[in-house]
Amino acid sequence: MSERFETHDHDVLVIGAGGAGLRAAIEALAQGASVGVVSKSLLGKAHTVMAEGGIAAAMANVDSADGWKPHFRDTMRGGKFLNNWRMAQLHAQEAPERVLELEQWGALFDRTQDGRILQRAFGGHTFRRLCHVGDRTGLEMIRTLQDRGVHMGFDVYMECTIVQLLTDGKRCIGAIGYWRETGRFVVFKAKSVVMATGGIGKAWPITSNSWEYTGDGMALAYEAGAELMDMEFVQFHPTGMVWPPGVQGILVTEAVRGEGGILRNKNGERFMERYDPKRMELSTRDVVARSIYTEVKEGRGTEHGGAYLDISHKPAEYVKKKLPSMYHQFKELADVDITKQPMEVGPTCHYVMGGIRVEAETAQSTLPGLFAAGEAAAGLHGANRLGGNSLSDLLVFGRRAGLAAAKHAQEVSAPRIDPAQIDEAEAEALQPFKHQGGESPFAVHRDLQKTMQSLVGIFRVRDDVQKALAELEKYKERLANTSVEGSRMFNPGWHMAIDMKSMLTVSETVARSALVREESRGAHSRIDFPELSAEWGKKNNIIWRDGDAMGLRQDRLSELPAELQQVLAEDK
Ligand SMILES: Cc1cc2nc3c(=O)[nH]c(=O)nc-3n(C[C@H](O)[C@H](O)[C@H](O)COP(=O)(O)OP(=O)(O)OC[C@H]3O[C@@H](n4cnc5c(N)ncnc54)[C@H](O)[C@@H]3O)c2cc1C
């Protein structure tokens, strides 16, 4: 095997170089582990770099009444109490320390008058809680973590796509991938693997997500035997660009509303008064997205099928300082000056709350040796994520995953890889080159996106989801018969064929979970079951690979301890 394939050996292999992966790698290095970080894109280009509004952490720099308890309460309420309560507690308690650490490592946050980290308001957060760097917080986070990690000495394998996890039947022992440039395969042996591959938004056509978001981590973990949880909860962010068509879906950060942006319909009505008069524009994302969707459906939408979001009542200099990316984004892509004109916005597929099922303290999945953090993991956000809670999630659980992965690596023996597994993975990945004259994987992708948008989108109904599941079966057959032209070098058609396998798997997990959850909760809206169900409020949907079939069962949530019930009962 070592002769046929380039092979690397690490204590801890981190798949993904976003905030979660980099934070995990730093922690594993700090424990003395040898660490490799694999990334589908270039280092510094992971999706986290796009994060805009900020990191939620109850530092109480602006609102002194804030603390971990209100943050915990907001997170649980936002998640409609389906959250893993222990994750929500650890997240709220540890986020401030993680942000301070980031500052010590060189992150330059916006400041209060007296020099502390400035915090802004965001939807669903009772207090001003988002630590930010204008509207470019993700860039600063990635820059800081990357500098730190590179100086501490992790090995980076970039533009390398992992196509399969390796197991010895009991635990995860590495992964196989290919270099996107040459198409050559590469094997990673590892005592522990951390999955930090982000989300699944590319299965929908209107999305804020980048090309990397094809659900690889969840699909790879599922195939290797780990459980997934609550995949029905896909967040549609209320404000994506709707015009011109080429930029549809690009995010308009919630920071616009956090800084005082107002939503209006074509009649000039501030329609959030109808849907959430108390919180208005700062309501949670699920509520605002459904409100815009309803306004458009009932004929009160804008010219291009959205709503107006207006920040032009604020001084122009202030807007340019606090929202520089938004100012440039609209000026350059839509010829709109947001200091003078409103933006046209509408819902866009943004985030998945479901993912790899993990244990709260260690971020270990149900497959020993496999850990998961960030958007690839499930639990913290329940049925709906609050803005800002992802970046803090990456820091808190990225660190925990790295720590536990390094510890696990000290406890287990060196992995012994079965060469047959590698051969199989290679043969499967090369399958699209075997066919001649089949259809293009891009055509299957386009149709998958249409199906997910129209049948498993923002509002769902039984017949539609069943229809989607039937179509997914056809797409699987079509994918098996696709063919790609040319060689393995820089071959986008081949990359798409590989990504499609993940997208079909995660789309099926979303549809299956959405079909059985007969209620509307958080980001999951069933037209045929519009109310919350007390019974479903006690259950997580669990999915696993059951031979060639997809197993689905419900596990009951664990009971909240009395002291946390007390925290939830308190009003503020
Ligand atoms: C426009 C935008 C703005 C946002 N703003 C905010 C915000 O202000 N605050 C907030 O809290 N959240 C925000 N979010 C959400 C947040 O940015 C993401 O949830 C978060 O960055 C995900 O980080 P991650 O580390 O889990 O994954 P990512 O940063 O996406 O990293 C995933 C990594 O995995 C790699 N990868 C994927 N598949 C493979 C594979 N098969 N093989 C090898 N490598 C692979 C990728 O190359 C990448 O390096 C925003 C999201 C968007 C889209």
When the stretch 34-58 is checked residue by residue, the ones that are in a loop (DSSP other than H, G, I, E, B), buried (at least 24 other Cβ atoms within 10 Å of the Cβ) and more than 6 Å from the ligand (Cβ to nearest atom) are Ala57, Ala58
Take the stretch 191-218 and flag every residue that is aliphatic (A, V, I, L, M) and surrounded by fewer than 24 Cβ atoms within 10 Å (Cβ to Cβ).
Ile206
In the set Asn61, Asn83, the lone residue that is away from the ligand (no atom under 14 Å from the Cβ), open to solvent by 20 Å² or more (accessible area, probe 1.4 Å), in the same structural domain as Asp135 (by TED's automatic domain parsing) and assigned to a loop (DSSP other than H, G, I, E, B) is Asn61
Could you check the stretch 420-451 and list, in sequence order, the residues that are in contact with a helix residue (DSSP H, G or I) (Cβ under 7 Å, 6 or more places away or on another chain), more than 18 Å from Lys202 (Cβ to Cβ) and either open to solvent by 80 Å² or more (accessible area, probe 1.4 Å) or of a type in the set (A, V, I, L, M) (or both)?
Ala429
How many of the residues making up the stretch 138-169 are in a loop (DSSP other than H, G, I, E, B) and in contact with a Cys (Cβ under 7 Å, 6 or more places away or on another chain)?
0
So which strands (runs of 3 or more DSSP E) are wholly in the stretch 221-313 and hold at least 3 residues that are in the same structural domain as Thr339 (by TED's automatic domain parsing), open to solvent by less than 40 Å² (accessible area, probe 1.4 Å) and more than 14 Å from the ligand (Cβ to nearest atom)?
307-310
Is it the case that Ala88 is buried (at least 24 other Cβ atoms within 10 Å of the Cβ), touching a Pro at 6+ places or on another chain (Cβ under 9 Å) and not in a strand (DSSP E or B)?
no
Going through the stretch 11-32 one residue at a time, which ones are buried (at least 24 other Cβ atoms within 10 Å of the Cβ) and farther than 13 Å from Gly149 by Cα?
Val12, Leu13, Ile15, Gly16
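The values are calculated or read from the model by the stated rules, or taken from the named source; none is laboratory data. Just so we're clear, the structure is a prediction, and the values are computed from it rather than from any experiment. A quick note on method: Cβ atoms are made from the backbone with ideal geometry, for glycine too, and the neighbour counts reach across all protein chains shown. In case anyone asks, the SASA skips ligands and DNA or RNA and just uses the protein heavy atoms, side chains included. Shrake-Rupley method; radii C 1.70, N 1.55, O 1.52, S 1.80 Å.
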